[in-house]
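Undergrad: What follows is a structure written as structure tokens; I'll ask about it next.
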Amino acid sequence: MAYIARRLFTTSTRLRSTSNNSASEACSELLTRFTSGPISTRTQLLDSNQLHLLSITLNRPPTSFTPPQNGTPIPPGYHLVYFTPNIVESELGLDGTDRTVNPLAPFTRRMWAGGELIWTQDPSSLLRVGQEVRETTTLLSAEPKKLKSGGEMLVVGVKKTFTNESGVALVDKRNWVFQREITPENPIKAPPTPREKELPTGEYQKDICQTQTTLFRFSALTFNGHKIHYLPEWCREVEGHRNSVVHGPLNLINILDFWRDTARNGDVEAVPRSIAYRAMSPLYVGEPYRILLEKGNGKSGEWKADIWDSFGKQSMKGTIVE
């Protein structure tokens, strides 16, 4: 195992660091670095090809050879295949992640922890194919936290605001967790596969089992080089996962699609007011899991969404407000 781990790091050892910065020091540096303005401001044309390929990846209609026309609405969550990372490979982290907002070493191991999406309800403000859209990314927060093991980590919040000719169309708040980097000397051993359990049931439910092809295609569309999604050797021998990990953003889109199909009969113009969500445990390729969706108790226009794996663990939870 140690030999395999060393081999997997051979192309990235130049990025390794022996820094002993504390989590508090890393937070302070990150806040100072981005205190004077946005992290980035980018303008992009929302082309039909990205939307078409994502629809094909998700097996969503229409999946014909004809791409969507200008004016087609971008469904909730599908904006994630636009404004993808634009840095060269040599600037990626050890784990293949975009390091644009990374704190100081050794806190370079990034995981998507959750967030909130807020849509402008005016139909004229919807993101649509053919629009020129501006994305402004700002740092919201950086907080040191303690792990159950006693170690340190950082929770970093960013906000992405998407603006078209009608004004703000979408605000996307994301939380990332940064833990200490993994080196060839300290890989994480994958635990034994737990015993399968019966999936829970709910008011509305949808079963999913992702393939390696779907994970590859989603990584390609989001230009995501994170090795946990496509390199099983890295997952098992370095990061302690039993297989390739399903993308958190992919499951966010699956939840929103299920809500649109259930609550709005698949209306292509339907967007909720917001969704707040939190990732709780990983899901793996080739393993069945279930999305549960139900109307909120006592709150009109609110839906509760949960994802459970086939081993009795809750993977994600969210609240959708219509």
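Undergrad: How many nm is it between the label spots at Thr43 and Arg264, if each spot is 7 Å from the Cα in line with the beta carbon?
TA: Those two pseudo-labels are separated by 2.8 nm.
Undergrad: Could you give each residue of the range 135-148 its phi-based ³J(HN,Hα) in whole Hz, using Karplus coefficients 6.51, -1.76, 1.60 with θ = phi - 60°, and x for Gly or Pro?
TA: Values per residue, Gly and Pro as x: 10, 10, 10, 10, 7, 9, 6, 8, 10, x, 9, 9, 7, 4 Hz.
Undergrad: Which angle from 0 to 90°, rounded to the nearest 10, does the C-alpha axis of helix 248-263 make with the longest principal axis of the chain?
TA: Tilt relative to the chain: about 20 degrees.
Undergrad: Taking 27 Å as the cut-off for C-alpha to C-alpha distance, list the pairs among Lys197/Lys295; Lys160/Lys313; Lys206/Lys313; Lys146/Lys295 that go past it.
TA: From Lys197/Lys295; Lys160/Lys313; Lys206/Lys313; Lys146/Lys295, over 27 Å: Lys160/Lys313; Lys146/Lys295.
Undergrad: Using 0.36 nm per residue of separation minus the Cα-Cα distance, give me the extension gain between Glu132 and Glu294 in nm, one decimal.
TA: Here the answer is 54.7 nm.
Undergrad: Right, another one. Sort 152-160, 127-135 for me by packing, meaning the mean count of neighbouring Cβ atoms within 10 Å per residue, highest on top.
TA: Working: 152-160: 20.2, 127-135: 17.7.
Most protected by this proxy first, the peptides run 152-160, 127-135.
Undergrad: Compute the angle between helix 48-57 and the longest alpha-carbon principal axis of the chain, please, reported from 0 to 90 degrees and rounded to the nearest 10.
TA: 70 degrees
Undergrad: Additional query: Arg273 to Thr211: FRET efficiency via 1/(1 + (r/R0)^6), r the Cβ-Cβ distance, R0 30 Å, to the nearest 0.05?
TA: Using R0 = 30 Å, I get an efficiency of 0.35.
Undergrad: Could you give each residue of the range 172-187 its phi-based ³J(HN,Hα) in whole Hz, using Karplus coefficients 6.51, -1.76, 1.60 with θ = phi - 60°, and x for Gly or Pro?
TA: 10, 9, 10, 10, 10, 9, 10, 10, 5, 4, 9, 10, x, 7, 9, x
Undergrad: Then there is this: How tilted is helix 23-33 with respect to the longest principal axis of the chain? Cα atoms for both, answer in degrees (0 to 90, nearest 10).
TA: So the inclination is approximately 60 degrees.
Undergrad: What is the antiparallel percent of DSSP beta bridges lying wholly in the chain, to the nearest 5?
TA: Percent antiparallel among DSSP bridges in the chain is about 100.
Undergrad: Now, a different point. Can you pull the Kirkwood radius for the range 270-322, inverse mean 1/r over Cα pairs, to one decimal in Å?
TA: Result for the range 270-322, one decimal place: 11.9 Å.
Undergrad: Under the classification rounded if a/c is under 1.5, otherwise prolate if a/b is larger than b/c and oblate if not, where does the range 59-146 fall, given a ≥ b ≥ c as square roots of the Cα gyration tensor eigenvalues?
TA: prolate
Undergrad: Still on this model: Hey, any idea what % of the chain's accessible area is carbon plus sulfur with a 1.4 Å probe?
TA: 50 percent
Undergrad: Show me, for the range 265-272, the HN-Hα J-couplings you get by feeding each phi into the Karplus relation (A = 6.51, B = -1.76, C = 1.60, θ = phi - 60°), rounded to Hz, glycine and proline as x.
TA: Once rounded to whole Hz, the list reads 6, x, 3, 6, 9, 6, 9, x.
Undergrad: What's the extension gain from Ser166 to Thr35 if we count 0.36 nm per residue and subtract their Cα-Cα distance? Intermediate results must be reported in sequence, preceding the final value.
TA: Working: separation 131, 0.36 × 131 = 47.16 nm, distance 2.81 nm.
Stretched out fully, the Ser166 to Thr35 stretch lengthens by 44.3 nm.
Undergrad: Further question on the same structure: Hey, what's the per residue convex hull volume over the C-alpha atoms of the chain, in cubic angstrom? Show your work: numbers first, answer last.
TA: Details: hull volume 46.8 nm³, N = 322.
With only Cα atoms used, the chain gives 145 Å³ per residue.
Undergrad: Report, by chain and number, residues whose modeled amide H sits under 5 Å from the one on Arg128, excluding near sequence neighbours (fewer than 5 apart, same chain).
TA: Ile74
Undergrad: If I take every Cα pair under 8 Å that is 6 or more residues apart in the chain, average their sequence separation and divide by the length, what percent do I get for the relative contact order?
TA: The value is 20 percent.
Undergrad: To continue, here is another question. Quick one: accessible area per residue over the range 14-105, 1.4 Å probe, rounded to a whole number of Å²?
TA: On the way: 4810 Å² over 92 residues.
Per-residue value: 52 Å².
Undergrad: Follow-up. Can you work out D for the range 254-299 in µm² s⁻¹ from Stokes-Einstein, where Rh is the Kirkwood radius over C-alpha pairs, the temperature is 20 °C and the viscosity is 1.002 mPa s?
TA: Working: Rh = 12.8 Å.
Roughly 168 µm²/s, to the nearest whole number.
The values are calculated or read from the model by the stated rules, or taken from the named source; none is laboratory data. These numbers were taken from a predicted model, which means no experiment stands behind them. Every residue, glycine among them, receives a Cβ derived from its backbone with ideal geometry; neighbour counts consider all protein chains shown. Ligands, DNA and RNA are excluded from the accessible area calculation, which covers all protein heavy atoms including side chains. Shrake-Rupley method; radii C 1.70, N 1.55, O 1.52, S 1.80 Å.
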